Amino acid sequence: MLTKIRGAAESVRADNTEAITKAVREALMAQGFMLRHPLHAFPEVQFYNKAHLARLKAKRDELQANMREKREKLQQELDRLEEKRKALKKGKK
């Protein structure tokens, strides 16, 4: 039963959970009683596409690394400007 659910979830080329859940429910409702019964017992269950979630996680990690780099560069620039300001202030005295 889990194999059929997983296969139905992975065959859907949708990006959001609602579309995947709807497609899996439709595919399983066309099956026999043994697969329809859990859908009636757990009406709020949601299905996820693991491959899509992995792509999203990789993209998130990439964006976080990019933001970390930018933050470090900005901090270095701020430190450089602060040192320059201190040097100018010291030179005026």
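The values are calculated or read from the model by the stated rules, or taken from the named source; none is laboratory data. Keep in mind that what you see is a predicted model, and the values were worked out from it rather than measured. Positions of Cβ are generated from backbone atoms using ideal geometry, with glycine treated the same way; all protein chains shown enter the neighbour counts.
Tell me whether segment 59-76 contains one or more residues that are out of contact with any Gly (no Cβ under 9 Å at 6 or more places or on another chain), modelled with pLDDT of 70 or more and surrounded by 12 or more Cβ atoms within 10 Å (Cβ to Cβ).
Our first condition is that a residue be out of contact with any Gly (no Cβ under 9 Å at 6 or more places or on another chain); within segment 59-76, this holds for 59-76.
Checking which are modelled with pLDDT of 70 or more leaves us with 59-76.
The next check asks that each one be surrounded by 12 or more Cβ atoms within 10 Å (Cβ to Cβ); those that pass are none.
No, every residue in segment 59-76 fails to be out of contact with any Gly (no Cβ under 9 Å at 6 or more places or on another chain), modelled with pLDDT of 70 or more and surrounded by 12 or more Cβ atoms within 10 Å (Cβ to Cβ).
Please state which one of ARG85, ARG55 is among the charged types (D, E, K, R), modelled with pLDDT of 75 or more and over 24 Å from GLU18 (Cα atoms).
Residue meeting the stated conditions: ARG85.
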